[in-house]
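> Have a look at this one.
The values are calculated or read from the model by the stated rules, or taken from the named source; none is laboratory data. Because the structure is a prediction, the values reported are computed rather than measured. So basically every Cβ, Gly included, is an ideal-geometry build from the backbone, and we count neighbours across all protein chains shown.
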Amino acid sequence: MTQSTEELQHAMVEQLMAVIGAPDDETVAEAADAVVRDLDERLRAGAAA
């Protein structure tokens with residue numbers, strides 16, 4: 001499923017809030033990392049276009 005940039009931004013906020021709630025949970029951290037990387041890739045691709 002391809003998410004819009006806005007959906008990725010919302011997902012990033014949700015994931016970062018999850019990290020705040022469970023700072024020692026590696027699974028939560030990995031999920032947050034994946035969303036941040038996806039958003040970064042999307043924004044870099046948009047800037048290069």
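> Here are some residues: ASP33, ASP40, ASP25. Which one is surrounded by 11 or more Cβ atoms within 10 Å (Cβ to Cβ), among the charged types (D, E, K, R) and over 11 Å from the mean Cα position of the chain (by Cα)?
Unique residue meeting the criteria: ASP25.
> Can you tell me which residues in region 1-22 are exposed (fewer than 14 other Cβ atoms within 10 Å of the Cβ) and assigned to a loop (DSSP other than H, G, I, E, B)?
MET1, THR2, SER4, ALA22
> Given the residues ALA31, ALA45, which is the only one that is modelled with pLDDT under 95 and assigned to a helix (DSSP H, G or I)?
Among ALA31, ALA45, only ALA45 is modelled with pLDDT under 95 and assigned to a helix (DSSP H, G or I).
> Determine the pairs where a residue that is under 12 Å from GLN9 (Cβ atoms), located within region 31-49, has a partner that is among the small types (Gly, Ala, Ser) and surrounded by 12 or more Cβ atoms within 10 Å (Cβ to Cβ) with Cβ atoms under 9 Å apart, the partner being 6 or more residues away or on another chain.
VAL35/ALA11; ASP38/ALA11; LEU39/ALA11
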